[in-house]
Every structure is written in structure tokens, then in C-alpha cells.
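One structure is given below, encoded as C-alpha cells.
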Amino acid sequence: MQQVPIPHNMNPTVSVLMCVYNEDDFVDKSIVGILSQSFRDFEFIIVDDASTDTTQDILAKYARQDARIRVVRNERNIGLTRSLNRGIVECRGAYIARLDADDISVTDRLKRQYDFMESHRDVALCGSFAYYISEDGQEVGKKKLPANYKNIKEKLLFNNQLVHSSFFIRKSILDTGGFYNEHFKTSQDYELVLRLASKYRVENIPEYLVGWRVGKNSLSWVNKRQEWDALRARWWGVTKYGYPKFKGLFHICLRLGWLLLPQHFKMKRYEG
């Protein structure tokens, strides 16, 4: 039986934004998690950053089945930050919900975040707690974060206090406050949170609404570029966004020391 495409709302309330590059192992589950949401008034913008595996075929299959999906394909690989910004331009919803191509959303994620933002009109961006999931989809732990703005901002210079795949942000804030900073190839989410939290309220819903896939390749300290970009984001927080200088420099020195430690020592610390 031929499937009939779901009608597409030209003025959706929420735009779900995913960028993907060679994720044919996981993107299927990420897409299904969004299409299974209890909240239905959304469009699904997927930016394919010139994948070379079967990702393009998977995206085309789902786009044929559900008219809410719009696939934007880059002619060449331009990286996550620029792909995110290209996707934001395509978003028509009042809110943008982020999701990485290897992560998943629980069924009520969009509804819970939409209801929260509608009842907290002074919040620009909300995230949530997250499950850690393994490469085979098993829950292997939980990530609990500070929920209220005061506690988030107090800890923000130490580490990002919002999970990128849980971002739910007012589109108007990005239109006025700027998109992702293209000076950052990685840690672009951290820089954005530091920038927004310096002007607006950001909060976490104290519920586990996303599954965050982890593995040795996803650890931030395995990726030297990400470590340096996170360090630079902290520096921008102190020098550009008004965060306390003494506290900021302390955390920068602390993280720099960690960055300079031998790789095998950091891996041993992680593995227990």
C-alpha cells in the first residue's frame, strides 16, 4: 500500500533542525523519534552536509513519506556551524528545536518544551536533562544539569550547562541576537549559550527529554579542536560578554591545564 504524505503546515509553530554528515548508522532512529512526537505542529529541517554514505537515500525516503520534512543538501561539506546557520534561515517556526543526527528525542519532548516556553515568556532558550545512550541504543547513564538561570550562569564558565540536542529556542532571539558564531568550527553551541545567557534567561527543564549518544569518539577531550574552541568560548565570555574576569580566567587556566595533560591520562580518568 502506498503511503500518503502527511500534509505540511506552511506556518509551523516549531522548526526541528538537524544537520547530518555520514550518519547512516543512526539518523534513521533520530528521524523516527521526531516523527513520533505527541506535538504535531512542526516542520523538520534536515541539512545534509554533502554526505558520501547512504544518508541521502535515507533522508529522501522519509521526505517522501512526510511532507513536514524538508531536506537541504549542501553542494560541498561546509561543517556543522555553517550548516546550522543555513538551516536556521530555512526555519519558519516561532521556535527552533535542535537535534544531532545520532541523538533521539522522547515522545513528549516537543510538547514539554513548547508548553514550558509558552508559560515562561522571559526565557529565550531552554534545554533539558539527558540520557546517555550507547552506540547500540542502550541507556548507560544520565546527565543532570542545573535547571534555573541563576545556577546555570554561575557554572557556565566551567562547562556548557545545556545539552545541544535539547536546545529549544525562540527564533526571534536568533534573529536579533545572532546565529551560531562561524568563528567556531566546534563548541558553537557553548559560545551561543554564553552569548545568550549574558542577555537573556536560559533554563533547563528538569526532565530527561533527549537521548545523548556517547562513545569514545564523542568525548570532548578526544577532539583537540573542540577543547581549544571551548577554551576560546570561555575567553570570549570574559572579554566580550561580561562574565566575571577573575572567575573566568581561573576556569580558563584550569581547563588549559587539563588540555595539556597527556591523552592517555585523560582517557584513564574517563574509564574510571
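Throughout, read-outs are computed from the coordinates displayed, never taken from laboratory work. Since the model is a prediction, treat every value here as computed from it, not as a measurement. Cβ placement follows ideal geometry from the backbone for every residue including glycine, while neighbour counts extend to all protein chains displayed.
Helix-derived [θ] at 222 nm for the chain: sum -39500 (n - 2.57) over DSSP H runs of at least 4, divide by residue count, nearest 500?
It lands at -11500 deg cm²/dmol.
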Cross-link partners of Lys153 among lysines (Cα-Cα below 28 Å; sequence separation of 8 or more within a chain): Lys111, Lys142, Lys143, Lys144, Lys171, Lys185, Lys199, Lys224, Lys240, Lys245, Lys247, Lys266
Under 5 Å, built H, 5+ apart or other chain: amide partners of Phe44: Val16, Ile69, Arg70
Order by protection proxy (mean Cβ within 10 Å, highest first), peptides 143-151, 94-102, 30-38: 94-102, 30-38, 143-151
Between helix 109-119 and the chain: long-axis angle, C-alpha atoms, 0 to 90°, nearest 10: 70
Tilt relative to the chain, helix 188-197 - C-alpha long axis, 0 to 90 degrees, to 10: 70
Lys, Arg +1 and Asp, Glu -1 on Cβ, resulting dipole of the chain about Cα centre, debye, nearest 20: 1260
Rg(Cα) / (2.2 N^0.38 Å) computed for the range 133-200, rounded to two decimals: 1.26
Rounded to 10°, Cα long-axis angle of helix 80-90 versus longest principal axis of the chain: 50
Under-5 Å amide H pairs with Tyr132, H placed in peptide plane, nonlocal only: Val140, Gly141, Lys142, Lys143, Trp212
Kirkwood hydrodynamic radius over Cα pairs of the range 1-158, then Stokes diffusion coefficient at 25 °C and 0.890 mPa s, in µm²/s: 146
Relative contact order, percent, the chain [alpha-carbon distance under 8 Å, six or more residues apart]: 19
Matching label, log10 I(q)/I(0) by the Debye sum over Cα atoms at q = 0.09, 0.11, 0.15 Å⁻¹ computed from the structure shown, candidates (i) -0.60, -0.85, -1.24; (ii) -0.35, -0.54, -1.05; (iii) -0.41, -0.61, -1.18: (iii)
Which of Ala101, Gln37, Leu157, positive extreme of dipole for the chain (C-beta unit charges): Leu157
Mean-position separation - Cα centroids, the range 109-156 and the range 161-210, in angstrom: 11
At 1.567 mPa s and 4 °C, Stokes diffusion of the range 9-86 via Kirkwood alpha-carbon radius, µm² per second: 102
